[in-house]
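K.L.:
Mind looking over this structure? Questions follow.
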Amino acid sequence: MAADRSISELLTLQRPLRSLEFFPPKDEAQLQAMHAAATSLKRISPDFVSVTYGAGGTTRDRTARACAMLRDEFGFTVMPHLTCVGHTAADLNGISDQLYSDGFRNVMALRGDPPKGETTFVPYHDGLRYGSDLVALLRQRHPDLCLGVGGYPEKHPEAPNAAVDLENLKRKVDAGASFITTQLFFDNAVYYRFVEKCHAHGITVPILPGIMPVLSLKQIKRFTEMCGTTLPPTLITRLEAAAEIPDVVEIIGIDWALDQIRGLLANGAPGYHLYIMNRAKSALALAAGLAA
Ligand SMILES: Cc1cc2nc3c(=O)[nH]c(=O)nc-3n(C[C@H](O)[C@H](O)[C@H](O)COP(=O)(O)OP(=O)(O)OC[C@H]3O[C@@H](n4cnc5c(N)ncnc54)[C@H](O)[C@@H]3O)c2cc1C
């Protein structure tokens, strides 16, 4: 099987990258929807796509199947996500060996969130505690893997403060991370400050901004509360004025994301990563809007 192209290599191309994040379908209907979205998205040629990994390794097989489909049927460069939750170090070695022998050369390495109902992360027995431990394990096991890690412009919710969180991000880079994809944010100033602080801290790997086009006010309030992202009052006011009319909310979401991406690219971001929730429409609209 031909091996994937390394994202590190793509990041040296001196042009903004476009990446899209999928989640693994739960059932046949979601699989069909993902297939249809991927079919539409092929026309905008994403530089790479990624597939999330569910709590406790519960999506291990579904993530693998979705990755295989996106690569083999659509020809996308695919980055599977992997988390430490519910796995021993030996499991993680085994999973990485499988990914490697299947030809994947890019992995998003994450600690993962505590399982549902639990508030603190407890490492699995003989498992790993931090994202940096997973990066170190993968880097040692497969030195040529390109490893993405998560970065938190508004700080990870568990971190006592931004300085400590930045120190911990540096640990991931020092352990061998190739690039950072950020948590979603809605105010570009937050990203610019974060990049500046990373640089001042000696973090020099590319930092891909993570953008989520809003699809529903209720959903985005839930997401942002969970991950500690600020929703700007202007955006909330606009979404509330749409009175929860889904089509209008979607237009507002796309419009906001388009403004964000234009600004980010004009200010030298290495591209943008879209949290698309397995839907094609926003990504297609954004690609068209950016074509001008
Ligand atoms: C781009 C992106 C993709 C994601 N994809 C997924 C996914 O597919 N599946 C999923 O379940 N979740 C996913 N997440 C969510 C992620 O798993 C959670 O945010 C998780 O809580 C942290 O993971 P991490 O790898 O960033 O953790 P870490 O880098 O380990 O950080 C977690 C916390 O521990 C602290 N910390 C780190 N190292 C140390 C240390 N040495 N000493 C003390 N404290 C330390 C950090 O400051 C932080 O507060 C994603 C997040 C992002 C940004």
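K.L.:
Looking at segment 144-152, can you tell me whether even one residue there is crowded, with 19+ Cβ neighbours inside 10 Å and more than 30 Å from residue 102 (Cα to Cα)?
P.N.:
To start, the set of residues in segment 144-152 that are crowded, with 19+ Cβ neighbours inside 10 Å comprises 145-152.
Add one more test, that the residue is more than 30 Å from residue 102 (Cα to Cα), and what stays is 152.
Within segment 144-152, one or more residues are crowded, with 19+ Cβ neighbours inside 10 Å and more than 30 Å from residue 102 (Cα to Cα).
K.L.:
Another question, then. Out of the residues in segment 170-192 meeting the condition of being of a type in the set (Phe, Trp, Tyr) and either near the ligand (Cβ under 10 Å from one of its atoms) or not in a loop (DSSP other than H, G, I, E, B) (or both), tell me which one is surrounded by the most Cβ atoms within 10 Å (Cβ to Cβ). Write out each step before concluding.
P.N.:
Within segment 170-192, the subset of a type in the set (Phe, Trp, Tyr) is 179, 185-186, 191-192.
Next, from what is left, pick out any that are either near the ligand (Cβ under 10 Å from one of its atoms) or not in a loop (DSSP other than H, G, I, E, B) (or both): 179, 191-192.
On the way: 179: 22, 191: 24, 192: 17.
So the residue we want is 191.
K.L.:
Something else: Considering only residues that are away from the ligand (no atom under 13 Å from the Cβ), within 20 Å of residue 150 (Cβ to Cβ) and not hydroxyl-bearing (Ser, Thr, Tyr), which ones fall in segment 220-245?
P.N.:
The answer is 220, 222, 225, 231.
K.L.:
Looking only at segment 261-285, how many residues end up being part of a helix (DSSP H, G or I) and either of a type in the set (S, T, N, Q) or closer than 20 Å to residue 192 by Cβ (or both)? Please lay out each step first, then the result.
P.N.:
As a first pass, look at segment 261-285 and keep what is part of a helix (DSSP H, G or I): 261-266, 281-285.
So of that shortlist, the ones also either of a type in the set (S, T, N, Q) or closer than 20 Å to residue 192 by Cβ (or both) come out as 261-266, 282.
Summing the residues that are part of a helix (DSSP H, G or I) and either of a type in the set (S, T, N, Q) or closer than 20 Å to residue 192 by Cβ (or both) in segment 261-285 gives 7.
K.L.:
Something else about it: Being out of contact with any Gly (no Cβ under 7 Å at 6 or more places or on another chain) and surrounded by 14 or more Cβ atoms within 10 Å (Cβ to Cβ) is the filter here, so list the residues in segment 199-220 that pass it. Spell out the reasoning first.
P.N.:
Here is the first cut: in segment 199-220, the residues out of contact with any Gly (no Cβ under 7 Å at 6 or more places or on another chain) are 199-206, 209-212, 216-220.
Those that are out of contact with any Gly (no Cβ under 7 Å at 6 or more places or on another chain) and surrounded by 14 or more Cβ atoms within 10 Å (Cβ to Cβ): 201, 203, 205, 206, 209, 210, 211, 212, 216, 217, 220.
K.L.:
Which condition number in (1) at pLDDT 95 or above; (2) surrounded by 14 or more Cβ atoms within 10 Å (Cβ to Cβ) is the one that residue 123 fails?
P.N.:
(1) is the only condition that residue 123 fails.
K.L.:
Checking residue 227 against (1) in contact with a Gly (Cβ under 8 Å, 6 or more places away or on another chain); (2) closer than 27 Å to residue 30 by Cβ, which single condition isn't satisfied?
P.N.:
The failed condition is (1).
K.L.:
When you check residue 126 against the structure, is it under 15 Å from residue 92 (Cβ atoms) and in a loop (DSSP other than H, G, I, E, B), yes or no? Before you say what the answer is, go through the steps one by one.
P.N.:
On the way: under 15 Å from residue 92 (Cβ atoms): yes; in a loop (DSSP other than H, G, I, E, B): yes.
Criteria met by residue 126.
K.L.:
Under the condition of being crowded, with 16+ Cβ neighbours inside 10 Å and of a type outside the set (Val, Ile, Thr), which residue from segment 71-85 is farthest from residue 141 (Cα to Cα)? Can you show your working first?
P.N.:
Going residue by residue through segment 71-85, those that are crowded, with 16+ Cβ neighbours inside 10 Å are 71, 76-85.
From what is left, the residues that are of a type outside the set (Val, Ile, Thr) are 71, 76, 79-82, 84.
Numbers: 71: 23, 76: 25, 79: 17, 80: 16, 81: 16, 82: 14, 84: 15 Å.
The extreme case among them is 76.
K.L.:
Pairs only if they're at least six apart or on different chains, beta carbon under 6 angstrom, first in segment 120-143 and closer than 17 Å to residue 57 by Cβ, second polar (S, T, N, Q) and surrounded by fewer than 20 Cβ atoms within 10 Å (Cβ to Cβ); list them, first residue then second.
P.N.:
Sorted first by the residue in segment 120-143, then by its partner, the pairs are 126/88; 127/88.
Table: residues versus (1) more than 14 Å from the ligand (Cβ to nearest atom); (2) out of contact with any Leu (no Cβ under 9 Å at 6 or more places or on another chain); (3) within 14 Å of residue 278 (Cβ to Cβ); (4) of a type in the set (A, V, I, L, M, F, W, C).
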residue: 6; (1), (2), (3), (4): yes, no, no, no
residue: 16; (1), (2), (3), (4): yes, no, no, no
residue: 46; (1), (2), (3), (4): yes, no, yes, no
residue: 49; (1), (2), (3), (4): no, no, yes, yes
residue: 55; (1), (2), (3), (4): no, yes, no, yes
residue: 79; (1), (2), (3), (4): no, yes, no, yes
residue: 91; (1), (2), (3), (4): yes, yes, no, no
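K.L.:
Which members of segment 134-169 meet the condition of being part of a helix (DSSP H, G or I) and within 9 Å of the ligand (Cβ to nearest atom)? It would help to see each step written out before you state the result.
P.N.:
In the first step, residues of segment 134-169 are kept if they are part of a helix (DSSP H, G or I); the result is 134-141, 162-169.
Matches in segment 134-169: 134, 135, 164, 165, 166, 167, 168, 169.
The values are calculated or read from the model by the stated rules, or taken from the named source; none is laboratory data. Quick caveat, the model's predicted, so the values are computed rather than measured. Quick reminder, even Gly has a Cβ in these numbers, built from the backbone with ideal geometry, and neighbours come from all protein chains shown.
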